[in-house]
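The values are calculated or read from the model by the stated rules, or taken from the named source; none is laboratory data. What you are looking at is a predicted structure, and each value in this text was computed from that prediction instead of being measured. A quick note on method: Cβ atoms are made from the backbone with ideal geometry, for glycine too, and the neighbour counts reach across all protein chains shown.
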2 protein chains.
Amino acid sequence: METIKYKPIGIIRSPFKELEGMPIQPVGACGVKGEIIIEDEYTEGLTDLEEFSHLILIYHFHLCNGCSMMVKPFMDDKKHGIFATRAPKRPNPIGLSVIGLDKIEGNIIHISNVDIADGTPLLDIKPYIPQLEKGADEEVCIGWFEDHHHKASDMRSDDRFIN
Amino acid sequence: METIKYKPIGIIRSPFKELEGMPIQPVGACGVKGEIIIEDEYTEGLTDLEEFSHLILIYHFHLCNGCSMMVKPFMDDKKHGIFATRAPKRPNPIGLSVIGLDKIEGNIIHISNVDIADGTPLLDIKPYIPQLEKGADEEVCIGWFEDHHHKASDMRSDDRFIN
């Protein structure tokens, strides 16, 4: 299939200069502040974004290379298929985080609950609208995470996905 | 900034052969069935995925070219910044849908609530785990969508984002 090419729309700044010791999800990054620096040509596209409390960031795991089909994620001791995890060494190393939006000043977006490494290239921003995700009456099953997701608040990354 | 290259992991099959008249979000695609055909080399990565009821699909809007910084989205008559909307003509035309997982047979994933055009290249699959998205006690503000998101169930796309 054809290769798809994207150009980053900006860069994410955070306190996490290296992959080890990071929060592994936004719920574990409570209060961690960061910034997004948007390329000038895209600043107008931020119009009305400040009305939202949370944003979905889609970004490139620039510090990860290669992938495995079976991985032992941070939150479990058993191996799972890569697509049944949020592990970063994916066939396409695309990251997804719901973060808090504090304030926008020109091309700078101030953000909270940042679980993202400093210098990460940002691909897209979407408003976080839980009402669009699924019908309100649909039950959600979360597989192997059921017994483990509570760890996401406190657990920190180790070196398992570092090149 | 450096160009980022991705290779699709599979292709999405749906009843929507053209962009006009489609549901605009998964909540408007209740019961619409589709399939994902995963490339053979990634099939092992689906291990344990069937335990989840919902998946996050990250895909490429292959039928959209170009972008505007200000757009009039399907659900409103006013223009908004592209990043404050889910409109497909984005700087990086990346789509995101939470869909229902029915069944996995080998490299075929049977899915429900499909608001995606037939033939769409798939970039990534992540398990949908609402508990990881934000703290349970955080309030969510959804900006201009507040008065419009209820339309997502019934509204269909028109030709405004077609090339």
Any idea which residue in the stretch A:1-28 is farthest from the chain's Cα centre (by Cα), counting only those that are closer than 27 Å to residue B:8 by Cβ and of a type in the set (Lys, Arg)?
A:5
Which residue pairs have Cβ atoms closer than 8 Å, lie 6 or more positions apart in sequence or on different chains, and pair a first residue in the stretch B:23-39 that is on the phi > 0 side of the Ramachandran plot with a second residue that is buried (at least 20 other Cβ atoms within 10 Å of the Cβ)?
B:31/B:113
Only strands (runs of 3 or more DSSP E) wholly contained in the stretch B:87-161 count here; list those with 2 or more residues that are charged (D, E, K, R) and modelled with pLDDT of 90 or more.
B:94-105, B:120-127
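Regarding the stretch A:101-124, can at least one residue be identified that is free of Cβ contacts under 8 Å to residues at least 40 places away in the same chain and within 30 Å of residue B:5 (Cα to Cα)?
There is no residue in the stretch A:101-124 that is free of Cβ contacts under 8 Å to residues at least 40 places away in the same chain and within 30 Å of residue B:5 (Cα to Cα).
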Within the stretch B:100-113, is even one residue within 16 Å of residue B:161 (Cβ to Cβ) and touching a helix residue (DSSP H, G or I) at 6+ places or on another chain (Cβ under 6 Å)?
no
So which of B:143, B:100, B:95 ends up being more than 21 Å from residue B:47 (Cα to Cα), small (Gly, Ala, Ser) and in contact with an Asp or Glu (Cβ under 8 Å, 6 or more places away or on another chain)?
B:143
Positions within the stretch B:54-101 being within 29 Å of residue A:141 (Cβ to Cβ), more than 9 Å from every other protein chain (Cβ to nearest Cβ) and among the small types (Gly, Ala, Ser), in sequence order:
B:95
Out of all the residues in the stretch B:29-42, is one or more over 15 Å from the mean Cα position of the chain (by Cα), of a type in the set (Gly, Ala, Ser) and part of a strand (DSSP E or B)?
no
Residue A:79 free of Cβ contacts under 8 Å to residues at least 60 places away in the same chain, among the basic types (Lys, Arg) and touching a Lys or Arg at 6+ places or on another chain (Cβ under 7 Å)
yes
Please state which one of B:76, B:102 is farther than 24 Å from residue A:48 by Cα and among the acidic types (Asp, Glu).
B:102
Among the residues of the stretch A:129-163, which ones are more than 7 Å from chain B (Cβ to nearest Cβ) and under 28 Å from residue A:49 (Cα atoms)?
A:136, A:153
Can you name the number of the only condition in (1) within 7 Å of chain A (Cβ to nearest Cβ); (2) in contact (Cβ under 8 Å) with a residue 24 or more places away in the chain; (3) among the acidic types (Asp, Glu) that residue B:48 fails?
(2)
